[in-house]
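See structure below.
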Amino acid sequence: MTSAIDNSSLLEAEAWQLLEKSIIYYQGKPIGTVAAHDPESSESDALNYDQCFLRDFVPSALVFLMDGKAEIVRNFLIETLKLQSHDKQMDCFEPGAGLMPASFKVHSNGNEEFLVADFGEQAIARVPPVDSCMWWIILLRAYEKATGDLDLARQPDFQAGIKLILDLCLVHRFSLYPTMLVPDGSFMIDRRMGVYEHPLEIQVLFYASLRAASELLLLDADGESYLGRVNRRLGALKYHIRNYYWLDLKRLGEIYRYKGNEFGKEIANKFNIQSESIPTWLTEWLPESGGYLAGNLGPGRMDFRFFTLGNLMSIIASLASEAESQRIMNLFAQRWQDLIGSMPVKICFPAMDGLEWKIVTGCDSKNSPWSYHNGGNWPVLLWFFTAAALKTNRTELAQAAIAIAERRLFKDKFPEYYDGNNGRLIGKEARICQTWSIAGFLAAKQLVANPEYLELISFPEGLEGPGCSI
Ligand code: GLC
């Protein structure tokens, strides 16, 4: 027993060393972590993995905060705020005001260092990082919770930054729904995967970032009116997601018997979902006591795929109700091989293949069936799983998943992702020493050892009310 514990802490020390190696310094100060520090890939192979991605830094930041190393997180928040876009759209690749970059890198000119940010204008396929500004606000709240430093977020530039993000996110365009309309690949899944329109992953981060903003906004001159808008949107968003995205056997039965082409206000099939669009795998796969939030919902389209980040984050942020959260964890417990398998956790289930894969991904060979974003297993998702398991008092599930990860991650040198139906193979094009795989593992271990850290990232049931009926 003692030796098992010793071994586990030795492994943790090794992971810590790797995490420290990934730190980026700017003007002598730590400000972030590189996406990967793969000793096997050359500089030209690095693509943009030598940059600090905002979303990838989140688990690193949580680990640093849990370990009392708040300075790097503070520096990160300050420097990324300076990078926030203030320019109106100039040409087709200029970011809109309020957007936060996907990633940044330190460049130097002689002795002078400066940061260069990528808002997606250099990224593969030119995808906009819609999630970056949401993670930034969520992280600012986590920093406040961990350090008790309320002054940082109260500074005028931080308040202005939060409001600029809200202006961007709350703007009224053509969408009729309280959910946010985004293009394909605007978050962790940053390639074409049919996750355009109203993907769950963005809606959950949107909800969590509005919750965080409502805690961080000062009630100064216009603060109150921002808060009013935030609370109204929170209510409507929660109502919409809980009512229309939720799927369990009862709901599936209703959709199966839906009538099509209904017109008017009081109709059951508001989005005109055709029962023929229910995939055949789903009726057998959905367990009696399980349920989940659908991947997407738009006119005539419900994406029935299970997306892990969105479902786990909906538990963590209390966007899912307590009963729904238990049902999502039941689904994991009963479909363990599919969703956890040999490496926690599968990014989405099931994979697309054949003609569907061709049409939806545009024949993307990196996203071939059961690889990468198309049904690969991503170790970074372990921290989300652990946090969700703790929040629902299902600690045993977190422990079981961590034990699986621990058996392979060190031996395999922390790959970015795994391939195969159950995640048995190291991903075909996966980097090794991927920072968020390392940090995700450490965060999961820390969370289980100190469940009070859950508070950094979780939200209690919101008081925003049931929201307006749409
Ligand atoms: C890939 C992933 C993205 C991640 C980036 C850096 O592009 O899809 O989610 O942020 O690599 O690790």
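The values are calculated or read from the model by the stated rules, or taken from the named source; none is laboratory data. What you see is a predicted model; the values in this text were computed from it and never measured. Cβ sites come from the backbone with ideal geometry, for glycine too, and all protein chains shown count toward neighbours. Calculation scope for accessible area: heavy atoms of the full protein, side chains included, ligands and nucleic acids excluded. Shrake-Rupley method; radii C 1.70, N 1.55, O 1.52, S 1.80 Å.
Going through K82, K88 one at a time, which residue ends up being modelled with pLDDT under 95, among the basic types (K, R) and open to solvent by 20 Å² or more (accessible area, probe 1.4 Å)?
From the options K82, K88, the qualifying one is K88.
Can you find a residue in the range 171-188 that is open to solvent by 40 Å² or more (accessible area, probe 1.4 Å), within 16 Å of the ligand (Cβ to nearest atom) and touching a residue at least 24 places away in the same chain (Cβ under 8 Å)?
Yes, the conditions are met somewhere in the range 171-188.
When only residues in the range 221-259 that are open to solvent by 60 Å² or more (accessible area, probe 1.4 Å) and among the acidic types (D, E) count, which is farthest from F158 (Cα to Cα)?
E254
For A388, all conditions in the list (1) under 16 Å from the mean Cα position of the chain (by Cα); (2) within 16 Å of the ligand (Cβ to nearest atom) hold save one; what is the number of the exception?
Exception for A388: condition (2).
Answer with yes or no whether A351 is out of contact with any His (no Cβ under 7 Å at 6 or more places or on another chain) and outside any helix (DSSP H, G or I). Working first, answer last.
Working: out of contact with any His (no Cβ under 7 Å at 6 or more places or on another chain): yes; outside any helix (DSSP H, G or I): yes.
So A351 passes the test.
If we scan the range 110-119, do we find a residue that is in contact (Cβ under 8 Å) with a residue 12 or more places away in the chain, more than 14 Å from the ligand (Cβ to nearest atom), part of a loop (DSSP other than H, G, I, E, B) and surrounded by fewer than 19 Cβ atoms within 10 Å (Cβ to Cβ)?
no
Identify all residues within the range 408-458 that are within 14 Å of M343 (Cβ to Cβ), among the small types (G, A, S) and more than 12 Å from the ligand (Cβ to nearest atom); write none if there are none.
Within the range 408-458, G420, G423, A444 qualify.
Given the structure, is L382 in contact (Cβ under 8 Å) with a residue 12 or more places away in the chain, aliphatic (A, V, I, L, M), away from the ligand (no atom under 16 Å from the Cβ) and buried (at least 20 other Cβ atoms within 10 Å of the Cβ)? Full working, then the answer.
Details: in contact (Cβ under 8 Å) with a residue 12 or more places away in the chain: yes; aliphatic (A, V, I, L, M): yes; away from the ligand (no atom under 16 Å from the Cβ): no; buried (at least 20 other Cβ atoms within 10 Å of the Cβ): yes.
When the stated conditions are applied, L382 does not pass them.
Given the residues N393, N421, which is the only one that is without any contact (Cβ under 8 Å) to a residue 60 or more places away in the chain, assigned to a loop (DSSP other than H, G, I, E, B) and open to solvent by 40 Å² or more (accessible area, probe 1.4 Å)? Let's see the steps before the verdict.
Values: N421 fails: without any contact (Cβ under 8 Å) to a residue 60 or more places away in the chain.
Only one candidate qualifies: N393.
Only one of (1) over 23 Å from R192 (Cβ atoms); (2) in a helix (DSSP H, G or I) fails for G310. Which number is that?
(1)
Could you count how many residues in the range 23-67 are polar (S, T, N, Q) and away from the ligand (no atom under 11 Å from the Cβ)?
Within the range 23-67, the subset polar (S, T, N, Q) is 27, 33, 41-42, 44, 48, 51, 60.
The next check asks that each one be away from the ligand (no atom under 11 Å from the Cβ); those that pass are 27, 41-42, 44, 60.
Adding up the residues that qualify gives 5.
So how many residues does the range 128-140 have that are out of contact with any Ser or Thr (no Cβ under 6 Å at 6 or more places or on another chain) and open to solvent by 10 Å² or more (accessible area, probe 1.4 Å)?
Looking only at that region, the number is 1.
Can you report the number of residues in the range 154-169 which are surrounded by fewer than 16 Cβ atoms within 10 Å (Cβ to Cβ) and part of a helix (DSSP H, G or I)? Can you show your working first?
If we filter the range 154-169 for residues that are surrounded by fewer than 16 Cβ atoms within 10 Å (Cβ to Cβ), which is where we start, we get 154-157, 160, 167.
Add one more test, that the residue is part of a helix (DSSP H, G or I), and what stays is 154, 156-157, 160, 167.
The number of residues fulfilling the criteria is 5.
One residue is enough: does the range 456-465 have a residue meeting the conditions open to solvent by 20 Å² or more (accessible area, probe 1.4 Å) and more than 30 Å from S214 (Cβ to Cβ)?
No: zero hits.
Quick check on this structure: which one of R424, R394, R431, R408 is in contact with a strand residue (DSSP E or B) (Cβ under 9 Å, 6 or more places away or on another chain) and more than 30 Å from D184 (Cα to Cα)? I'd like the intermediate steps shown before the answer.
Values: R424 fails: more than 30 Å from D184 (Cα to Cα); R394 fails: in contact with a strand residue (DSSP E or B) (Cβ under 9 Å, 6 or more places away or on another chain); R431 fails: more than 30 Å from D184 (Cα to Cα).
Within the list R424, R394, R431, R408, the selection yields R408.
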